[in-house]
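So the structure is just underneath, and the comments pick up after that.
No lab work stands behind these numbers, since they all come straight from the coordinates. Predicted model only: the values in this text are computed from it and were never measured. With ideal geometry, Cβ positions are generated from the backbone for all residues, glycine too; neighbour counts draw on all protein chains shown.
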Amino acid sequence: MTERRRRRTPEQAREEILDAATELIAQDGPDGVGLRRVAEAVGVSHGLVTHYFGTYAALVRAVLQRENERQRERIRARMRASQGVPYADDMTRVLFEAVADERYVRLFAWSSLHAEDVSAPSQALAELVDALEAGIRLVLPDPARPDRARIEAVVLLALSAAYGYALGRRSWLAGLGHDPADPAHDASFRAALSSALATYLAGETPPP
């Protein structure tokens, strides 16, 4: 393949590769792309993509990392604007907005299954907790503020429930005789999850 003769800074080349990978993955899923297709879409050599990212799995994780940062910024912005709004409901609303994008969920699942460095997702999750903790400081006075361990537990519960629901909702709702296309089911599940998370964040014991 002939490389397009256009000057790019390293930062520009890296962003263009990530943009192309994101678009191709959205179209065909992570398993249907590969480094060569990304290189062809950008108009650079396969070797240049390898130079920046090493392996295809690393490139997919870089795409996911950028998507995660966008989600974290959405959470930060939502929490900054949420004084007086139930923060557990706000948190689950943002999570459900993210996992409503099936492309994002598939990307997350694929990256987790192909992870070579398990510390990378953990770092991203810690940054997510940092963002939530900073937002909660804006909402709650110190005596009523949950500690870090409680926030981490709520994040793990919310992520597990939200991602699990996103992956299984169609077959589960259909199996229960419901229409998976009816948004009322999503709203009902999110409301129940928000209530449980708010109860735990406040340090209350949920009803049996």
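Mind checking which of 20, 34, 9 is farthest towards the positive end of the range 1-54's charge dipole, using Cβ charges of +1 (Lys, Arg) and -1 (Asp, Glu) about the Cα centre? It is 9, whose Cα lies furthest towards the positive end. If the segment from residue 19 to residue 31 were pulled out straight at 0.36 nm per residue, it would be longer than the present Cα-Cα gap by 2.6 nm. Specify whether the C-alpha gyration tensor of the range 1-54 places it in the rounded, prolate or oblate class, a ≥ b ≥ c being the square roots of the eigenvalues: rounded for a/c under 1.5, otherwise prolate if a/b is larger than b/c and oblate if not. The shape class here is prolate.
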